[in-house]
Amino acid sequence: MSGNSTIEKLVIVGSGPAGWTAAIYAARANLNPLVFPGRGEGKDLVPGGQLMLTTDVENYPGFPKGIMGPEMMQLFYQQAMRFGTRVVTDDGVKTLDQLSNDTLYQIFQNARELDLSKRPFNIVGDGGYECQAQAVIIATGAKANWLNLENEQRLAQTGGGVSACAVCDGALPMFRDTELAVVGGGDSAIEEASYLTKFASKVYLIHRRNELRASKIMQQRALDNPKLEVLWNTTVIDVLGDEKISGVRLKDTQNGAEREIPIHGLFLAIGHTPITQFLNGQLDLDSAGYVKLTDPGRSFTSVEGVFTAGDVADHVYRQAVTAAGMGCKAAIDAERWLAEKGID
Ligand code: NAP
């Protein structure tokens, strides 16, 4: 399907807190925003960003009792749609009234190709939908990193007990009362390892150095936990097991000695990579691949008319509330920029 004749005022790429907040503000400003929510990263291909892979969110203001991440993203989505946001599905562009249900469990298109060389910008979805846009907000977030070992990938893809998200998968029956391992030494690794000790008999935290990167308070939490053992100066060089993981092969980063330990689950917590590859070098990025803000504190990028928000442009805070705040800023910046250009 092609929508070549359509020139949108504002296209938003991404469906996490940044994307939907931008949509809420843009819809309420009568910009009639069109969102490419994407297909999601999980097994079930659910869009909605990293919060779809989280359990309790206890630090988002306004939810004193906490809220589950996926439930919060449904609410963001429904709020954006209520004000007239449209989404690109595999079945074309839809408003809330035209969708069969109001959940994020739908087949939405990713924005596969963007041509930012001239305005209006051209955008092609991975399901074939094509449109043009006067302004674009990039809010595609960041995704989990892997060690990229052959057996790690094989077992991760077949439900064999290897995961990059302890909070999504850790409570599965297969991990109960077994020995598990988390790789990494940052806050995420400690948070995930601590979480897993609720279910596991023991959790190894495998870290490549002799010092954790995590904040002091998180470190103390880990070191005080009797079910958690840190394996210092250690890397995973292979994942063992046919259908299910049975252990990992480790290497001492100091003396090169190798050994194996039996475990029944492996969780990677070694950072994230911003989703900017699809931009094909058309926007200035920093050395880690995050979109560069040309005016810190605002949402402008190196291309006029292209704005950004959320984790794709923020490796420092990476919180739902900061991403939402950035989404709001991007929508307001886009609205003012469109008005200045006389595009209404
Ligand atoms: P991170 O701080 O970048 O830590 C990544 C960890 O993975 C580091 O310890 C790193 O080792 C290790 N690592 C990276 N690549 C590796 C590889 N190939 N093999 C083995 N180990 C590898 O990432 P993060 O923990 O996801 O945290 C990201 C940001 O979110 C941070 O700013 C963090 O403070 C924040 N955060 C906060 C909370 C909280 O406050 N509750 C929770 C989660 C995250 P090295 O240390 O040797 O580099």
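The values are calculated or read from the model by the stated rules, or taken from the named source; none is laboratory data. In this text, all values refer to a predicted model and were calculated from it rather than measured experimentally. We place every Cβ from the backbone using ideal geometry, glycine too, and count neighbours over all the protein chains shown. Side chains included, ligands, DNA and RNA excluded: accessible areas come from the protein's heavy atoms. Shrake-Rupley method; radii C 1.70, N 1.55, O 1.52, S 1.80 Å.
Here the condition is being surrounded by 14 or more Cβ atoms within 10 Å (Cβ to Cβ) and more than 18 Å from the chain's Cα centre (by Cα); of R259, R298, R318, it holds for R298 alone. Restricting I237, I270 to residues that are in a loop (DSSP other than H, G, I, E, B) and open to solvent by 30 Å² or more (accessible area, probe 1.4 Å) narrows the list to I270. Taking the numbered list (1) touching an Asp or Glu at 6+ places or on another chain (Cβ under 9 Å); (2) modelled with pLDDT of 95 or more; (3) within 27 Å of Q319 (Cβ to Cβ) in turn, S201 passes all entries but (3).
Of R154, R209, all but one fail to be away from the ligand (no atom under 16 Å from the Cβ) and basic (K, R); the exception is R154. Within the stretch 321-344, count every residue that is under 13 Å from the mean Cα position of the chain (by Cα) and polar (S, T, N, Q). Count: 0.
Scanning the stretch 81-123 for residues that are polar (S, T, N, Q) and over 14 Å from A23 (Cβ atoms) yields T89, Q98, S100, N101, T103, Q106, Q109, N110, S117, N122. For G161, the conditions (1) in contact (Cβ under 8 Å) with a residue 60 or more places away in the chain; (2) within 16 Å of the ligand (Cβ to nearest atom) are fulfilled apart from (2). Highlighted here are the strands (runs of 3 or more DSSP E) found entirely within the stretch 1-108 that include at least 1 residues which are charged (D, E, K, R), at pLDDT 95 or above and under 22 Å from the mean Cα position of the chain (by Cα): 86-89.
Considering only residues in the stretch 177-198 that are charged (D, E, K, R) and at pLDDT 95 or above, the one that is farthest from the ligand (Cβ to nearest atom) turns out to be D177.
If you check T85 against the conditions, is it in the same structural domain as G325 (by TED's automatic domain parsing) and open to solvent by less than 30 Å² (accessible area, probe 1.4 Å)? Yes: the conditions hold for T85.
Would you check if G256 is in the same structural domain as A193 (by TED's automatic domain parsing), touching a residue at least 24 places away in the same chain (Cβ under 8 Å) and of a type outside the set (D, E, K, R)? For G256, the condition - in the same structural domain as A193 (by TED's automatic domain parsing), touching a residue at least 24 places away in the same chain (Cβ under 8 Å) and of a type outside the set (D, E, K, R) - is not met. Of the numbered conditions (1) in the same structural domain as A111 (by TED's automatic domain parsing); (2) acidic (D, E); (3) out of contact with any strand residue (DSSP E or B) (no Cβ under 9 Å at 6 or more places or on another chain); (4) open to solvent by 80 Å² or more (accessible area, probe 1.4 Å), E243 satisfies every one except a single condition; which is it? Here E243 clears every test but (1).
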